[in-house]
Amino acid sequence: DIKEIWGIVYESKIPLARETGAIVDNLNLAEIFAKCHSKGIRVIARIVCFKDATLAATRPDLCIVNDQGKPIEFPLESNSTFANPYDPEIWQYLIDIAKEVIEFGADEIQFDYVRFPAGGSADGTAAYYGTPEEVPEKFSAVNRFLQTAAIEIQNKLKTPVGADLFSIIMTS
């Protein structure tokens, strides 16, 4: 687990991780990964994507918000906030984390929480992504993120990419 909903477990150099205070630990990934490799263990780095409790305080503009621009908490998601799956800046942030841990020796990237939140908001407000006629379907955002990640990580760096998807979330 490289990035969880509550933060990143190594000393990342990624500006957004530093700006948002997402770094919560300082594990020596290069050492951990080398030890795994010496024992024949393949390292799969799990990166939680859109369920993210670290962005709301410092970068609410990158979160799912209501029409007033306030980050929404979702009761069916432990009252957590979510990064906006439509936002290419979030996509790049996640891809940058993947690239950084590949440099430490990760053999594969597993993206988790590659989805929109389940259920409605805690305060009853609706998520606002822009004018309805300009916002693509939710599945398009998820597909586009994964396509972009596959190109940047799998095609260019030759590192396999996997993703956990709960398909019901794309329609709820």
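Values as computed for the structure displayed
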item: Per residue accessible area of segment 1-124, 1.4 Å probe, in Å²; result: 44 Å²
item: For mean projected area of the Cα convex hull in nm², calculated from these coordinates, the label among [x] 9.9; [y] 11.9; [z] 9.0; result: [x]
item: Of A127, H37, F139, farthest towards positive along the dipole that unit charges on Lys, Arg, Asp, Glu beta carbons give the chain; result: H37
item: Those lysines that a straight Cα-Cα span of less than 27 Å connects to K99, excepting residues fewer than 8 apart in one chain; result: K3, K13, K35, K39, K51, K138, K156, K158
item: Whether segment 75-136 is rounded, prolate or oblate, judged on the alpha carbon gyration tensor where a/c under 1.5 counts as rounded; result: oblate
item: Fraction of antiparallel bridges per DSSP, segment 43-122 only, in percent to nearest 5; result: 45 percent
item: Nearest-10 value in Å² for the accessible area of I90, using the 1.4 Å probe; result: 0 Å²
item: Relative contact order (%) - criterion: Cα under 8 Å, at least six apart; region: the chain; result: 23 percent
item: Helix-only CD estimate at 222 nm, as mean residue ellipticity for the chain, using -39500 (n - 2.57) per DSSP H run (n ≥ 4); result: -7500 deg cm²/dmol
item: Coil-residue trypsin sites (Lys or Arg not before Pro) of segment 77-172, DSSP, other Cβ within 10 Å capped at 15; result: K158
item: Carbon plus sulfur fraction of accessible area for segment 26-125, probe 1.4 Å, in percent; result: 50 percent
item: Percent antiparallel among DSSP beta bridges (both partners in the chain, rounded to 5); result: 40 percent
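The values are calculated or read from the model by the stated rules, or taken from the named source; none is laboratory data. Worth saying up front: this structure is predicted, and the values here are computed from it rather than measured. Ideal geometry is used to build each Cβ from the backbone, glycine not excepted, and the neighbour counts take in all protein chains shown. Keep in mind that these areas ignore ligands, DNA and RNA; they rest on the heavy atoms of the full protein, side chains included. Shrake-Rupley method; radii C 1.70, N 1.55, O 1.52, S 1.80 Å.
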